[in-house]
Amino acid sequence: MSIVTVQLGQCGNQVGQELFDVLSNDAHDGQRKVYSKSCIERFFHETSSGDYEARAVLIDMEPKVITQSVFKAAQSERWKYGDHSHFSQKQGSGNNWANGYCVHGPRHQEIVEELVRGEVERCDRLAGIVAMMSVAGGTGSGVGTYVTQSLRDTYPNSFIVNHLTWPYSTGEVIVQNYNSVLTLSHLYRLSDAILVHENDTVHQICARLMNIKHISFSDVNKVIAHQLGSVLQPALTGHSHGDFSRNPLGELLSSLVCHPEYKLLTLCSIPQIASSSMAYSTFSWPGMLKHLRQMLIANAKMEEGIDWQVKAPPVMPGGGFSTRSQRGPGFNTSLANLLILRGKDVYKTEIGEFQDPSIYTEWLKPTEALSTWKSPISFNKYEKCATVVSNSQALLGPLDRMVGKAWNMFASRAYIHQYTKFGISEEDFLDSFTSLEQITSSYKQL
Amino acid sequence: MTQSVVVQVGQCGNQVGCRFWDLALREHAYVNKKGVYDEALSSFFRNVDSRRSNGGAGNITGERIRSLKARAVLVDMEEGVVNEILQGPLREVFDSTQLLTDVSGSGNNWAVGHLTYGSAYREQIVDKLRRAAEHCDCLQCFFLIHSMGGGTGAGLGTRVLSLLEEEFPEACRIVTAVYPSAEDDVVTSPYNSVLAMKELTEHADCVLPVENQSLVDIVNKIKQMSGSVIKRDTAVISSRGGLSGAEKPFDAMNNIVANLLLNLTSSARFEGSLNMDLNEIAVNLVPFPRLHYLVSSLTPLYTLADVNIPTRRLDQMFTDAFSKGHQLIRADPKHSLYLACALMVRGNVQVSDLRRNIERLRPTLPFVSWNQEGWKTGLCSVPPVGHTHSLLALANNTCVKPTFVELRDRFSKLYKKKAHLHHYLHVDGMEQSSFTEALSSLNSLVEEYSQLDATKGRLIPDVPRLHIAT
């Protein structure tokens, strides 16, 4: 089963290109026939001339980034983008969600649908669509939302997962909070799941774990690509009966998104190290899983600087659930988790700690709340690698702050004229704020 | 890729414009080694085959460069400056259909420029603008360059601005306006400036005010450092490597303004890891329609000849961008209130350097309560000629208020005595009400800035959030 990726805007196209790079390198690494075949079928289309073309559609409202991404892909000599898989215009969306959603989206709807249909038809079976975009700018956020809406209408029974990159909280685009609020409120109704990476967090990973002195966006994107790759590459799930799963997105969603009010997913991955240190590092599953669990409950995104004081409350006699009040502040309560383990000795791992009822809310039994996927094949040159995809309160803080800042700006009506001139009214803003307050409130109650 | 058209009006406008075209050619020659007409060049130039009679629109990229023509319209009511351009090394860059001149000048009278010449030449101006626009595949922006003190630049220039709004409402209008200093020798410059201000407030999308006095100070600062200390041809004022030979009196100052425009458009022309297009400038920096006056600063002003520790020099560049001495108007943004700030970086600078400096400088800069993280950032990989990296900071800051207040005071001083008023009222179509309206427009602009200033330093509580019933 194949996944079609739609890359939207500068961020979506830059991250997407790094993702396909990771997937392609991993697939061609060594002699792992079944794994490679499954990976290639999932993400690439083999042409009659033997080239591997990514199953991707590249969309941007200005041409420079797509040109760069296509060029970089071709340079890898292992894979490329299809010659007719991209669409760009001459003038961008000006960081304006309204311009993207109300003007560019509808204007180019037909041709985008055409391109996606082309990719979908090249798949034997469609596992789902992953749309990659940022929320800060105009095209990724605005056009991205419109495209998601049109995909939802065209493929009502397919799985659609949106991968979002959130900007630096210290500001990359001044109207980023407006664009983010408008995007999230709309996507929540359209998307099956929203997987989020924050620039702040990934930047920290680059700085502290990978020892990169002058971090470029390319470095940031490579980390995101690694983490996404560790989720999307073939794995053996509970339902796949000894073969690599043929329904990765469906199983991801059924493991994690049990309620339409809770769709925000985050990733924690261990280890994350500079490639130069890899030869000198050894990893043990117990150590890695212990760290990963603490990263999850203390809402830390990397192995360094974890707050080990955050603890799950002691198990009640009789093994009952802990209540919210018993978990201290700073404790990240999960609704559901998906643990993905790849590499050597993966069948000897002990994951019991992740089934501890005290880290979950009471709604699901821990055996239902935790799903585990495994793959004995090492991923991206890491001998062992563990990732947890989590539907938890991890984004509550950043989301709350983003809404707060947007609300303050909205109260003074700053920049609103830039949006109203394209057709977004103040009522639309209020609707979006209301949706997000609802989502924030729901997650607080976990 | 989009195209922009430069409209230069009046003596100052044309002299600055001339420097802009010279430096633009220099920059593209530096970057474009293969002599192929590419997308970056097409943003400001057409590639024309002068052997063919009509030359064609000249937009096809990928061909060899034959003859580059600037996407420009040159307007002046005297012939001197434009004639000089046509006799100089830039003559090949313009063709006669792009020029509009008259003989007698506007006599430093805004009304003559705006009303008399504005009406007389309306058709011709619109015609030339339309032709320039038709030569573009995708016209994004008009850059208007003029001074505020004289008659043609201030008067006819602002008339052109309203024509641009009427005829091309979709295109962005970015105005570079050179404000007269207090010691200006044109007695009526306050009248011209205030009358022009009203037009700018109402019809421009963004205005980049520049004060002559600041340019003079910057030029002096650089000249003090010259000699063995600075690498030759790396100063922001230098024309080395361009077409023109010996430098003329105002060239150094005009080069600064030309560099401002080049850096402003760099991310739209060249690639980078975080692009910043021209239409993003208005969206991010203009929170309320009338408050669109942006204070600009360029750093570094020169490159030192000896080798410095790269990181320290880089951080110094960011610090300088906020210092009083680097602003292109006489203002101190650090002690006024920031509404928004854009940082456009060129060259070998990574996002971590940018983030580090923003975090470092942020505590020292007062931002308005509803825009505490009001940063717009852009990273372009191509540095300007002679530098490894550079930074253009554009700030929407209340520090423009003193400049406007001073202008208003100089205006009032003259107006109270009705000095020179008859020169204006004699012009057909000019009424006394134009003066009072212009004054009241300026007053309300100053008032809006004052109200924002009043919020500075005050602890504004967060607005209560929407409450969800659980």
Scan the range A:219-249 for residues that are under 17 Å from the mean Cα position of the chain (by Cα) and touching a residue at least 40 places away in the same chain (Cβ under 8 Å) and report the count.
-> 16
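Return yes when A:Asp192 is surrounded by fewer than 22 Cβ atoms within 10 Å (Cβ to Cβ), away from chain B (no Cβ under 12 Å) and closer than 30 Å to A:Thr434 by Cβ and no when it is not.
Values: surrounded by fewer than 22 Cβ atoms within 10 Å (Cβ to Cβ): yes; away from chain B (no Cβ under 12 Å): yes; closer than 30 Å to A:Thr434 by Cβ: yes.
It is true that A:Asp192 is surrounded by fewer than 22 Cβ atoms within 10 Å (Cβ to Cβ), away from chain B (no Cβ under 12 Å) and closer than 30 Å to A:Thr434 by Cβ.
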So A:Gly140, is it touching a Ser or Thr at 6+ places or on another chain (Cβ under 8 Å) and within 14 Å of another protein chain (Cβ to nearest Cβ) | yes
Of all residues in the range A:1-29, count the ones that are open to solvent by 10 Å² or more (accessible area, probe 1.4 Å), more than 14 Å from chain B (Cβ to nearest Cβ) and in a helix (DSSP H, G or I).
-> 3
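Quickly run through the range B:75-113 and pick out the residues that are more than 26 Å from B:Arg26 (Cβ to Cβ), open to solvent by less than 40 Å² (accessible area, probe 1.4 Å) and not in a helix (DSSP H, G or I). Outline the logic, then answer.
Our first condition is that a residue be more than 26 Å from B:Arg26 (Cβ to Cβ); within the range B:75-113, this holds for B:77-79, B:100-113.
Subset that is open to solvent by less than 40 Å² (accessible area, probe 1.4 Å): B:77, B:100, B:102, B:105-106, B:109-113.
B:Met77, B:Leu100, B:Asp102, B:Gly105, B:Ser106, B:Asn109, listed by residue number.
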Can you spot a residue in the range A:223-231 that is surrounded by fewer than 21 Cβ atoms within 10 Å (Cβ to Cβ), closer than 23 Å to A:Gly305 by Cα, modelled with pLDDT of 90 or more and within 14 Å of chain B (Cβ to nearest Cβ)?
-> no
For the range A:234-242, does any single residue satisfy the condition of being farther than 21 Å from A:Glu368 by Cα, buried (at least 21 other Cβ atoms within 10 Å of the Cβ) and not charged (D, E, K, R)?
-> yes
Tell me, please, whether a residue that is in contact with a helix residue (DSSP H, G or I) (Cβ under 6 Å, 6 or more places away or on another chain), surrounded by fewer than 22 Cβ atoms within 10 Å (Cβ to Cβ), at pLDDT below 95 and within 11 Å of chain B (Cβ to nearest Cβ) can be found in the range A:118-137.
-> no
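Anything in the range A:407-434 that is more than 10 Å from chain B (Cβ to nearest Cβ) and either within 28 Å of the chain's Cα centre (by Cα) or of a type in the set (Val, Ile, Thr) (or both)? List them, or say none.
Passing the criteria: A:Thr420, A:Ile424, A:Asp428, A:Phe429, A:Asp431, A:Ser432.
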Does the range A:52-72 include one or more residues that are without any contact (Cβ under 8 Å) to a residue 12 or more places away in the chain and away from chain B (no Cβ under 14 Å)?
-> no
Which members of the range B:426-470 meet the condition of being at pLDDT 90 or above and over 31 Å from the mean Cα position of the chain (by Cα)?
-> B:His426
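Let me confirm something: among A:Arg32, A:Arg78, A:Arg55, which residue is open to solvent by 10 Å² or more (accessible area, probe 1.4 Å), of a type in the set (Lys, Arg) and within 21 Å of the chain's Cα centre (by Cα)?
Selected residue: A:Arg55, the only one of A:Arg32, A:Arg78, A:Arg55 that is open to solvent by 10 Å² or more (accessible area, probe 1.4 Å), of a type in the set (Lys, Arg) and within 21 Å of the chain's Cα centre (by Cα).
How many residues does the range A:81-91 contain that are away from chain B (no Cβ under 14 Å) and open to solvent by 40 Å² or more (accessible area, probe 1.4 Å)?
We begin by selecting, within the range A:81-91, every residue away from chain B (no Cβ under 14 Å); these are A:81-87.
Subset that is open to solvent by 40 Å² or more (accessible area, probe 1.4 Å): A:83-84, A:86.
Matching residues across the range A:81-91 total 3.
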Any chance you could count how many residues in the range A:118-132 are within 17 Å of A:Ser85 (Cα to Cα), of a type outside the set (Lys, Arg) and in contact with a strand residue (DSSP E or B) (Cβ under 6 Å, 6 or more places away or on another chain)?
-> 7
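Conditions tested, residue by residue: (1) among the polar types (S, T, N, Q); (2) over 18 Å from the mean Cα position of the chain (by Cα); (3) buried (at least 24 other Cβ atoms within 10 Å of the Cβ); (4) at pLDDT 95 or above.
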| position | (1), (2), (3), (4) |
| --- | --- |
| A:Gly144 | no, no, yes, yes |
| A:Arg152 | no, yes, no, yes |
| A:Thr183 | yes, no, yes, yes |
| A:His186 | no, no, no, yes |
Exclusive hit being within 14 Å of chain B (Cβ to nearest Cβ), more than 23 Å from the chain's Cα centre (by Cα) and either crowded, with 21+ Cβ neighbours inside 10 Å or free of Cβ contacts under 8 Å to residues at least 60 places away in the same chain (or both), set A:Gly94, A:Gly100 = A:Gly94
Pairs with Cβ under 6 Å, 6+ apart, first in the range B:323-350 and within 11 Å of another protein chain (Cβ to nearest Cβ), second open to solvent by less than 10 Å² (accessible area, probe 1.4 Å) and charged (D, E, K, R) | B:Ala342/B:Lys376
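The values are calculated or read from the model by the stated rules, or taken from the named source; none is laboratory data. Everything numeric here is computed off the predicted structure, so don't read it as measured data. Here the Cβ is made from the backbone with ideal geometry for all residues, glycine too, and neighbour counts use every protein chain on show. Note: areas computed on protein heavy atoms with side chains; ligands, DNA, RNA excluded. Shrake-Rupley method; radii C 1.70, N 1.55, O 1.52, S 1.80 Å.
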